Amino acid sequence: MNFIPTKLEGCYILEPKVIFDERGYFMESFNEKRFQEGIGQEIHFVQDNQSYSSKGVLRGLHYQTGEHAQAKLVRVLSGEVLDVAVDIRPDSETFGEYVSVLLSAENQKHFFVPRGFAHGFLVLSETATFFYKCDNFYNKESEGGIIYNDSKVNIDWQLSGEELIISEKDRVQPTIDNAKKAW
């Protein structure tokens, strides 16, 4: 597995070694020891989540606060998504900046989003199955979010607003300046 640091400290793109032959392919999608060595910290995942969505579905930007904050290791099992992490750590030099990564079943990339980041993704293919590991259990009272089109963050989602399918919950999230503090 190749670990590629991003401009946001703690966020990594992971490129697994995929072995192809006449039968198809094989890859080790997760190995806790190699993962911890690659990111330089000890993370223990406790919950796996999976979603299925159609083209234009935008889910996010979400995070958990306080003791319920979550780190996530995300990947796509089928289809293609634009995955986004936004730095919401108040004392960070990159507060309010984002990184986007194209994740697909074809490229098999993974994206590690540590605690202190809002996360979201947009489905670019006709459908996509999205899978992620969390290092903390979900807690409804600790939910936080940022509006997907916050002008301060200025995410390039690669599709026009008319093409987006967004839940009512995500349409009314606050701006980054008015969002619930992560810590």
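Could you tell me whether SER167 is touching a residue at least 40 places away in the same chain (Cβ under 8 Å) and within 24 Å of LYS7 (Cα to Cα)?
No, not satisfied.
Exactly one residue out of ALA85, ALA69 is small (Gly, Ala, Ser), in contact (Cβ under 8 Å) with a residue 40 or more places away in the chain, crowded, with 23+ Cβ neighbours inside 10 Å and closer than 17 Å to GLU9 by Cβ, and it is ALA85.
Taking (1) in a loop (DSSP other than H, G, I, E, B); (2) touching a Ser or Thr at 6+ places or on another chain (Cβ under 9 Å) in turn, PRO174 satisfies each apart from (2).
Within segment 18-26, the presence of a residue that is touching a residue at least 24 places away in the same chain (Cβ under 8 Å), in a strand (DSSP E or B), in contact with a Phe, Trp or Tyr (Cβ under 7 Å, 6 or more places away or on another chain) and closer than 14 Å to VAL74 by Cα is excluded. Taken together, GLY145, GLY161 contain a single residue that is touching a His at 6+ places or on another chain (Cβ under 8 Å), closer than 16 Å to LEU58 by Cα and of a type outside the set (A, V, I, L, M), which is GLY145. Summed over segment 142-183, residues that are at pLDDT below 95, out of contact with any Pro (no Cβ under 8 Å at 6 or more places or on another chain) and buried (at least 19 other Cβ atoms within 10 Å of the Cβ) total 1. Applying the set (1) at positive phi; (2) modelled with pLDDT of 95 or more to GLU15 leaves exactly one unmet item: (1). Among residues of segment 149-164 being in contact (Cβ under 8 Å) with a residue 24 or more places away in the chain and among the acidic types (Asp, Glu), the one that is farthest from ARG89 (Cα to Cα) is GLU163.
I'm trying to understand the selection: among the residues of segment 102-139, which are of a type in the set (Val, Ile, Thr), buried (at least 21 other Cβ atoms within 10 Å of the Cβ) and closer than 25 Å to ILE19 by Cα? Walk me through it before giving the result.
The initial filter retains those residues of segment 102-139 that are of a type in the set (Val, Ile, Thr), namely 113, 123, 127, 129.
Those left that are additionally buried (at least 21 other Cβ atoms within 10 Å of the Cβ): 113, 123.
Scanning segment 102-139 gives no hits.
Applying the set (1) modelled with pLDDT under 95; (2) assigned to a strand (DSSP E or B) to LYS133 leaves exactly one unmet item: (1).
Would you check if ILE146 is closer than 25 Å to PHE45 by Cβ, of a type outside the set (Phe, Trp, Tyr) and touching a residue at least 24 places away in the same chain (Cβ under 8 Å)?
On the way: closer than 25 Å to PHE45 by Cβ: yes; of a type outside the set (Phe, Trp, Tyr): yes; touching a residue at least 24 places away in the same chain (Cβ under 8 Å): yes.
Yes: the conditions hold for ILE146.
When VAL86, VAL76 are screened for being within 15 Å of PHE131 (Cα to Cα), among the β-branched types (Val, Ile, Thr) and at pLDDT 95 or above, only VAL76 passes.
The values are calculated or read from the model by the stated rules, or taken from the named source; none is laboratory data. Please read all numbers here as calculations on a predicted model, not as lab measurements. Note that we place each Cβ from the backbone using ideal geometry, even for glycine, and neighbour counts take in every protein chain shown.
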